[in-house]
Each structure stands twice: as C-alpha cells, then as structure tokens.
Amino acid sequence: MRILLAEDDDAIRRDVSQALEMAGYVVDSEANGEEAWFLGDTETYAAAILDLGLPGMDGLSVLKRWRKAGRNFPVLVLTARGAWTERVEGIDAGADDYLPKPFRMEEMLARLRAILRRSGGQANPVIRIGEAELDTRQMRLSIGGVPLSLSPQEYRLVAYLMHHQGRVVSQQELSEHLQSVHFERESNAIEVLVGRVRRKLPVPLIETRRGFGYIVEQTADSP
Ligand code: CA
C-alpha cells in the first residue's frame, strides 16, 4: 500500500519512512506542504501521514484542500506535544486520527493500520477470506494455517486485494498503490506480480476479470 508522508523535520521524515518501508508500505515523502498537497491531489494513496507545521503550505490547509476536493484517503496528523488546539483543528479539518510528537514508531504503525482498516471497512487486524488469513500486524498471509513466504511486493498485492475484497481492482489502481512515484512503471509489472503470487497460493484466491482487473471474492463466512 502506498503512503504519503509530509514532514519537514529531516530526522523524523527519515525515521518514519524507514519504519513504513520496513513494515512493507511504499512511501512517497515530502518536506514541503505545497508539494505534499499536490501529490495527494494528483496521485493515489491508501493513507497520508501529515505534519501540521510545514513550510510552503501548512498541514491544516493541505488537509482542508484535499477534503474540499473530495480526496477521502485516511489521514493521520502529527501534532506538536501538548498542542490540543492542533488536535481539535486537525480533526475538524478531516483528520482520521492524530499522534502527538514525540512518538514511537510502533504506535505510528498501529494507528496507521487502524485508519487503513477503518477505511477498508475492516475492524479486525486479521482479515479472513475462506482459508486465507491475512495478519496485518505481522504482515503475513496464511492459507489453512500455513504461512506463505511472500516478498514485500507480493504481500502488498494480496493485502490490497483482500482489504478491498468483493471489488474489482484495476491494474492501474494496483500499480498506483504498489509503486512509489519515483519508480518506473512497467506496463506488465502487475500481471507478472499476480502470476508469481498465484503460483505460491495453494488456492485460487485472486480471480481475473478480463479487461477490468482482479478481484478477491468475499465468502459467506468473511465479515
Ligand atoms: Ca514540522
């Protein structure tokens, strides 16, 4: 899943990017508010992590402009310690959650997972579809209780489709969510990736809708 990070403090930006990448996310990071606003307005993100004190355009204005333009991806706002007015303003402006600085990376990741789950309509950190079980805390997919060995990119593909179970997801959307803006987009990269994942899966989890994209069907027992 692709995450936009807007933070002008170099050390925090580097640490948060690193933590996100290690957790399997694709990250676009920006230090300037106006650049971040532009990326959020024109690219597709699963979520954004937004510092409020940014040069170029402050975080609250960035968030308000996204929401006004109908950009509804979940946003986790980073606020200065003790600044309760920032938290109130952030939530009023359309933030889904906030995190006061300084924070631990574990907490940032947990809050991010929570807003991602809520936006995907999933309240549980474990998503079950038939025999498939996706543990979003451990970044692991198991089939019939047996964990599969997936690369980060393969995991992201399955995770995205399972988060959006029951909906056809186009190759375009997948490619936008799985690759960062600074990454060359090969035209058949998604097909190749889906093929690789299917060979590892002992069950037919991912179906092709020719000309439209891919779908993970909901089953009767999934939530
Ligand atoms: Ca700042």
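The values are calculated or read from the model by the stated rules, or taken from the named source; none is laboratory data. Please read these numbers as outputs of a predicted model, since none were measured by experiment. Keep in mind that these areas ignore ligands, DNA and RNA; they rest on the heavy atoms of the full protein, side chains included. Shrake-Rupley method; radii C 1.70, N 1.55, O 1.52, S 1.80 Å.
Sequence gap at least 6, Cα distance under 8 Å: using those rules, report the relative contact order of the chain to the nearest whole percent.
On the way: 380 pairs, mean separation 38.6, N = 223.
After rounding, I find 17 percent.
Normalise the Cα radius of gyration of region 16-136 by 2.2 N^0.38 Å (N = residues in it) and let me know the number.
Numbers: Rg = 14.6 Å, N = 121, 2.2 N^0.38 = 13.6 Å.
Dividing the Cα radius of gyration by 2.2 N^0.38 Å gives 1.08.
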What number does the chain give for Rg over Rh if you use C-alpha atoms and the Kirkwood radius? 0.98
Counting DSSP beta bridges in the chain, what percent are antiparallel, to the nearest 5? 45
Amide H neighbours of ASP97 at under 5 Å, excluding residues fewer than 5 places away on the same chain, with H built from the backbone geometry, are VAL75, VAL77
Note down the relative contact order for region 126-215 as a percent, whole number, built from C-alpha pairs under 8 angstrom at least six residues apart. 27
To the nearest 500 deg cm²/dmol, what mean residue ellipticity at 222 nm is calculated for the chain from DSSP H runs of n ≥ 4 alone, each contributing -39,500 (n - 2.57), summed and divided by the residues? -12000 deg cm²/dmol
Determine the equivalent ellipsoid of region 126-215 by diagonalising the alpha-carbon gyration tensor, then write out the semi-axes as square roots of 5 times the eigenvalues, largest first, rounded to whole Å. 21, 15, 12
Strictly greater than 17 Å: what percent of every Cα pair in region 31-87 meets that? 31
Which order do GLU154, GLU35 take when ranked by solvent-accessible area (1.4 Å probe, heavy atoms of all protein chains), largest first? GLU35, GLU154
On a 1.4 Å probe surface of the protein chains, which of LYS64, LYS200, LYS101 comes out largest in accessible area, and what is the full order? LYS64, LYS200, LYS101
